[in-house]
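The values are calculated or read from the model by the stated rules, or taken from the named source; none is laboratory data. None of the values given here were measured: they were computed from a predicted structure. Every residue, glycine among them, receives a Cβ derived from its backbone with ideal geometry; neighbour counts consider all protein chains shown. Ligands, DNA and RNA are excluded from the accessible area calculation, which covers all protein heavy atoms including side chains. Shrake-Rupley method; radii C 1.70, N 1.55, O 1.52, S 1.80 Å.
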Amino acid sequence: MNLPYQCPDCGTELGYEGLCWRCRTAAQRRAAAAWTPAEIAAKEQEIIAQIDDVPNDFWYLLCREDSVAPAIPRAALAARTFWPPALYYHAPADVRDGLIAALMETEAAQEANELMMCLGMQGDDRALAALLALERAPRPWRGQLYVNPSVYAQCGGWTFDREGRRRTLNFDTCYPIVHAASAEELDRSPVRIARPREEHCPHCGSRMADMLVLDGRDARLQFLGIDGILTATCCPNCVAYAEPMLSRYTLDGGSTVLPYENADATAYMEELDTIFDNDLILGASPVPRFYGAFFDDVCTLGGFALWEQDWSYTTCPDCGQPMKYLMQIRWNELADYMEGTLYIEFCPACQVVSMQHQQT
Ligand SMILES: [Zn+2]
Ligand SMILES: [Zn+2]
Ligand SMILES: [Zn+2]
C-alpha cells in the first residue's frame, strides 16, 4: 500500500494530510490533561449547556478527573438525559433518588433500560436495593428486556446475588498499556502481551498465545491481589469465533487451556504471528478508571472497559460467579489489519481466566 501522506507523529501512511486517528485522540487527551481549573470549570458549563447530546469533552474530563462535578448529573437528570450512563457515576444522593423515582414510574422498557444502567453507574446501596426490588418483583417492561436488573448493575462494575449481596467486578485502579522505550524496559515489565507458546491450536493450527503474562508481585499490581503470575492462554485466531475461551493458571507461571470449539474452523493465518512482535508493557503510573472506557486507541488494565457490544462478564465454570474484569487489548495495537477487542477476566478464587472477543 502506498498512500500519499504520513502521520507526522507516528509515520503511519494516510490517505489524507494530518494526524492519524490514534495520534489525534492521544493529542486531544494530552490537551485535556493540561486543562487549568478555570478551563475545567468552563468545560463543565459547556457540557451542561449541551446536556441533551453530551459532547466528547465529558469523556476527556472523565479521562483526567475520575469524577465530574455533581452539577453535571443534576443537569442531566433535570433534562432527562440518561445517556451515556457514566454521567451518573457515583452521582450524589439527590440524583440517585431522582433516578430511582423515574425508574419506578416509567412504563417504557427503553427508558427502564437506560435508567437501570444509570443506577448501575451510581452504584450505592440504595441503587442496589432499588434494582433488587425490581428483580424480585418484575414490572411489565421486564418482558421486553433481555436480562435482569442485577446484570444492568454490571454496567457500573458490580452486581448482586439473590440475597442482595454485592459483588465488585471492576478494579478502581487502572493502568495504561504503553510501548516500551527500550529492550531493557520490555524485559523488566511485569505485564507482557501476546507471547508465543510451543503448541498449536488443534482446530485451526495457529500458534497458541499467552495473551497476557502478568506478575502480580510488582508494586503497581498489588491492587489485583495476585501473589504470583497470572497467564491467560488462548488460540488468537479461534478466540474471535468461539465463546469466551478459558484457561487455568498457577501462580508459578503454569497455564492450561480448557477445551474449546471453533465451529467455523477458519484457517490459520500466517500474518497472525506478527502479534508476537509487540513491545507493549505496563505504564509507569495509574490513570483514571475511565481512561479506556470511551476512546478506543488505548489498551488498559483495571478500571472500566470500552465494550464494543454490551458488557458481558463471563461466568466462572468452577464457582458459577461472574468473573472480575481485568484488561482490554485492542487487536490493532498488535497488528494493523486486525479489528476488535480482547477482554480478559479472571476468577481469583478458582484461578480461571476468560478471554472474549468483541467487535462492532
Ligand atoms: Zn499517528
Ligand atoms: Zn485456533
Ligand atoms: Zn470461580
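Among the residues of segment 123-153, those that are under 16 Å from His90 (Cα atoms) and either part of a loop (DSSP other than H, G, I, E, B) or open to solvent by less than 20 Å² (accessible area, probe 1.4 Å) (or both) comprise Gly123, Asp124, Ala127, Leu128, Ala130, Leu131, Tyr152, Ala153. Considered as a group, the residues in segment 331-356 that are in contact (Cβ under 8 Å) with a residue 60 or more places away in the chain and in contact with a His (Cβ under 8 Å, 6 or more places away or on another chain) include one that is nearest to ligand 1 (Cβ to nearest atom), and that residue is Gly340. Screening Leu14 with (1) closer than 28 Å to Trp307 by Cα; (2) in contact (Cβ under 8 Å) with a residue 12 or more places away in the chain; (3) touching a Leu at 6+ places or on another chain (Cβ under 8 Å) gives one miss only, at (2).
Considered as a group, the residues in segment 314-360 that are touching a strand residue (DSSP E or B) at 6+ places or on another chain (Cβ under 7 Å) and hydroxyl-bearing (Ser, Thr, Tyr) include one that is most open to solvent (accessible area, probe 1.4 Å), and that residue is Thr315. Any residue at all in segment 254-272 that's surrounded by fewer than 17 Cβ atoms within 10 Å (Cβ to Cβ) and among the polar types (S, T, N, Q)? Yes, because at least one residue in segment 254-272 is surrounded by fewer than 17 Cβ atoms within 10 Å (Cβ to Cβ) and among the polar types (S, T, N, Q). For segment 321-330, the count of residues that are in a loop (DSSP other than H, G, I, E, B), over 18 Å from Ile226 (Cβ atoms) and more than 16 Å from ligand 1 (Cβ to nearest atom) is zero. Within the option set Val178, Val239, Val191, being surrounded by 14 or more Cβ atoms within 10 Å (Cβ to Cβ), under 29 Å from Ala26 (Cα atoms) and within 16 Å of ligand 1 (Cβ to nearest atom) holds for one residue only, Val178. The set of residues from segment 208-236 being in a loop (DSSP other than H, G, I, E, B), within 16 Å of ligand 3 (Cβ to nearest atom) and either of a type in the set (A, V, I, L, M, F, W, C) or buried (at least 22 other Cβ atoms within 10 Å of the Cβ) (or both) comprises just one member, Ile226.
If you go through segment 1-11 and keep only what is in a loop (DSSP other than H, G, I, E, B) and either more than 8 Å from ligand 1 (Cβ to nearest atom) or in contact (Cβ under 8 Å) with a residue 60 or more places away in the chain (or both), you end up with Met1, Asn2, Leu3, Pro4. Scoring Glu46 on the criteria (1) open to solvent by 60 Å² or more (accessible area, probe 1.4 Å); (2) out of contact with any Ser or Thr (no Cβ under 8 Å at 6 or more places or on another chain); (3) within 16 Å of ligand 1 (Cβ to nearest atom) leaves a single failure, condition (3).
Across segment 26-43, not a single residue is classified as open to solvent by 20 Å² or more (accessible area, probe 1.4 Å), among the hydroxyl-bearing types (Ser, Thr, Tyr) and within 16 Å of ligand 1 (Cβ to nearest atom). Inside segment 287-320, residues that are within 16 Å of ligand 1 (Cβ to nearest atom) and among the aliphatic types (A, V, I, L, M) make up a count of 1. Checked against the criterion of being open to solvent by 40 Å² or more (accessible area, probe 1.4 Å) and over 22 Å from the mean Cα position of the chain (by Cα), the candidates Ala69, Ala112, Ala76, Ala108 yield just one match: Ala108.
If you go through segment 226-233 one residue at a time, do you hit one that is within 16 Å of ligand 2 (Cβ to nearest atom) and either within 13 Å of Val353 (Cα to Cα) or touching a residue at least 12 places away in the same chain (Cβ under 8 Å) (or both)?
Yes, that holds for at least one residue.
Conditions tested, residue by residue: (1) assigned by TED's automatic domain parsing to the domain that holds Leu221; (2) farther than 22 Å from Leu169 by Cα; (3) part of a loop (DSSP other than H, G, I, E, B); (4) away from ligand 3 (no atom under 16 Å from the Cβ).
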site	(1), (2), (3), (4)
Pro259	yes, yes, yes, yes
Asp264	yes, yes, yes, yes
Glu271	yes, yes, no, yes
Ile275	yes, yes, no, yes
Ala284	yes, yes, yes, yes
Asp296	yes, no, yes, yes
Asp336	yes, yes, yes, yes
